[in-house]
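The values are calculated or read from the model by the stated rules, or taken from the named source; none is laboratory data. In this text the structure is predicted, and so the values were computed from the model without any measurement. Here the Cβ positions follow ideal geometry from the backbone for every residue, glycine too, while neighbour counts run over all protein chains shown.
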Amino acid sequence: MKLISVVVPCYNEEENVFPFYEEFMKNKPFLDANDLNYEILYIDDGCRDHTADKVKELIEKDRHIRLISFSRNFGKEAGIYAGLSHARGDYVCMMDADLQDPPALLPELYKAVTEEGYDCAATRRVDRKGEPPIRSFFARRFYALMKKFSDADLVDGARDYRLMTRQMVDAVLSMQEYNRFSKGIFGWIGFRTKWIEFENIERLHGETKWNFWSLFAYAVDGIIDFSSMPLTFAAVMGFVLSFVAIVMLVFVFLRAAIFGDPVAGWPSTICIMLLIAGLQMLMLGVIGQYLSKTYLEVKRRPIYILREELGGEAAVRADDAASGVRKDAADHALPGTEDTKA
Ligand code: UDP
Ligand code: MG
């Protein structure tokens, strides 16, 4: 019997804990038919509401449920990392708690990985229904930019909803960086991925945790984590400006030598000075961004801190039964994938 782990990052999702579980359990006949055991890992990312209590209620009812609580809010990326490192499954799937990632797609994802020879089945939304147009516009620009300038192979509309083999999960965990941009990490590690498309679904309860500026900061993180294009741009810009300056210098020198030296062009000189000073500040800012990321990396702080861990007994028993399989998976694990973070 193989085990599927489902990782559900939650930040203030008390209204969605039960509906998510009910929706997921509609897959039970599929799981039984394929001789699959399951565990659902709810990641309580420092929730300020009753999400953890709801999950505890579920654990009482179903021993396949697990709760992993953080000491504070560490963000969805940390939630994904913690979920992947605690998951014991032969296959691991990530889904949002708000049912924007329809659990009904699970059989299709599973088929792609087990029958069609893919290492991962990922999902993307084909439309951005219900999203403000300005956000869609910037999102599209961001993906176009990343496609050109980074090796992370991002896909427009890709969600974090994906099913991965143990081998791929171990590869994700082997990327121990502190600044985690999962969409980039998934693309960077490679493997064969099948993209399954679905139409955008609006969140069941509650509100999205993202506003325009947090998405903007997320996009900047993505660029800085997976591309050195802004630094190259700074260097090229410096080169071009120096070249123009030398040409102008020669021109001004010759003009002064031939026609004398009338003092003209004061306003334009000021404009150019301001422009160049502005560009210098901008480029310093770009370098500063990389430096601050490097600073956080070298400090090697933990990606998350655990406060509590509960449940999952039923999945553990099955795990023992399938220990042959799991041992095999462990043999294939990449070096450095042990969870030393918690
Ligand atoms: N989430 C989280 N930590 C956070 C913010 C969000 O674990 O700090 C979870 C959230 O509970 C949800 C998922 O990440 O399950 C996606 O968040 P959200 O629905 O707000 O984002 P959107 O779907 O609008 O991109
Ligand atoms: Mg959502």
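Pick out the one residue from Ala245, Ala264 that is among the aliphatic types (A, V, I, L, M) and in a helix (DSSP H, G or I). Quick ask: steps written out before the conclusion?
On the way: Ala264 fails: in a helix (DSSP H, G or I).
One residue alone meets the criteria, Ala245.
From Gly222, Gly187, grab the single residue that is within 16 Å of ligand 1 (Cβ to nearest atom), assigned to a helix (DSSP H, G or I) and either at pLDDT 85 or above or within 22 Å of Arg141 (Cα to Cα) (or both).
On inspection, the qualifying residue turns out to be Gly222.
Mind listing whichever residues of region 136-152 are closer than 28 Å to Ala104 by Cα and touching a Lys or Arg at 6+ places or on another chain (Cβ under 8 Å)?
Kept after step one, since they are closer than 28 Å to Ala104 by Cα, are these residues of region 136-152: 136, 139-140, 143.
Within region 136-152, Ser136, Ala139 qualify.
Name the residue, out of Phe233, Phe253, Phe191, that is among the hydrophobic types (A, V, I, L, M, F, W, C) and touching a residue at least 60 places away in the same chain (Cβ under 8 Å). Break it down into steps so the answer makes sense when it comes.
On the way: Phe233 fails: touching a residue at least 60 places away in the same chain (Cβ under 8 Å); Phe253 fails: touching a residue at least 60 places away in the same chain (Cβ under 8 Å).
Criteria check complete, one pass: Phe191.
Between residues in region 282-311 that are within 19 Å of Phe233 (Cα to Cα) and residues that are among the β-branched types (Val, Ile, Thr), which pairs lie under 7 Å by C-beta distance while being six or more apart or on different chains?
That search, which allows pairs on different chains as well, returns Gln289/Ile224; Tyr290/Ile224; Lys293/Ile224.
Scan region 196-217 for residues that are more than 12 Å from ligand 2 (Cβ to nearest atom) and out of contact with any helix residue (DSSP H, G or I) (no Cβ under 9 Å at 6 or more places or on another chain) and jot them down.
Of everything in region 196-217, those that are more than 12 Å from ligand 2 (Cβ to nearest atom) and out of contact with any helix residue (DSSP H, G or I) (no Cβ under 9 Å at 6 or more places or on another chain) turn out to be Glu197, Glu199, Asn211, Trp213, Ser214, Ala217.
Please determine, by comparing only the residues of region 31-58 that are in a helix (DSSP H, G or I) and touching a Gly at 6+ places or on another chain (Cβ under 9 Å), which one is farthest from Arg307 (Cα to Cα). Walk me through how you get there before you give the answer.
Going residue by residue through region 31-58, those that are in a helix (DSSP H, G or I) are 31-33, 51-58.
Retained after the next criterion (residues that are touching a Gly at 6+ places or on another chain (Cβ under 9 Å)): 55-56, 58.
Values: Val55: 15, Lys56: 14, Leu58: 19 Å.
Step by step, filter region 31-58, then rank; the result is Leu58.
Which condition number in (1) farther than 29 Å from Glu15 by Cβ; (2) within 16 Å of ligand 1 (Cβ to nearest atom) is the one that Met237 fails?
The single condition Met237 does not satisfy is (2).
Being surrounded by 14 or more Cβ atoms within 10 Å (Cβ to Cβ) and not small (Gly, Ala, Ser) is the filter here, so list the residues in region 217-229 that pass it.
Within region 217-229, Tyr218, Asp221, Ile223, Ile224, Asp225, Phe226, Met229 meet the criteria.
Just to be sure before I move on: is Arg128 under 21 Å from Val155 (Cα atoms) and either of a type in the set (Lys, Arg) or part of a strand (DSSP E or B) (or both) in the structure I sent?
In short, yes.
For Asp32, state whether it is charged (D, E, K, R) and surrounded by fewer than 22 Cβ atoms within 10 Å (Cβ to Cβ).
For Asp32, the condition - charged (D, E, K, R) and surrounded by fewer than 22 Cβ atoms within 10 Å (Cβ to Cβ) - is met.
Looking only at region 206-219, count how many residues are assigned to a helix (DSSP H, G or I) and within 10 Å of ligand 1 (Cβ to nearest atom).
3
Residue under question is Arg48, and the condition is that it be crowded, with 21+ Cβ neighbours inside 10 Å, of a type in the set (Lys, Arg) and more than 30 Å from Glu199 (Cβ to Cβ); does it hold?
Criteria not met by Arg48.
Restricting the search to region 115-143, which residues are hydroxyl-bearing (Ser, Thr, Tyr) and either without any contact (Cβ under 8 Å) to a residue 24 or more places away in the chain or within 14 Å of ligand 1 (Cβ to nearest atom) (or both)?
Within region 115-143, Thr123, Ser136, Tyr143 meet the criteria.
Please find, within region 75-104, the residue that is farthest from Glu15 (Cα to Cα) out of those that are over 13 Å from the mean Cα position of the chain (by Cα) and within 8 Å of ligand 1 (Cβ to nearest atom).
This residue is Gln100.
Filter region 94-125 for residues that are in a strand (DSSP E or B) and away from ligand 2 (no atom under 16 Å from the Cβ); which is nearest to Tyr161 (Cα to Cα)? Break it down into steps so the answer makes sense when it comes.
At the first step, the residues of region 94-125 found to be in a strand (DSSP E or B) are 94, 120-125.
Retained after the next criterion (residues that are away from ligand 2 (no atom under 16 Å from the Cβ)): 120-122.
Numbers: Cys120: 11, Ala121: 9, Ala122: 6 Å.
Only one residue tops the list, namely Ala122.
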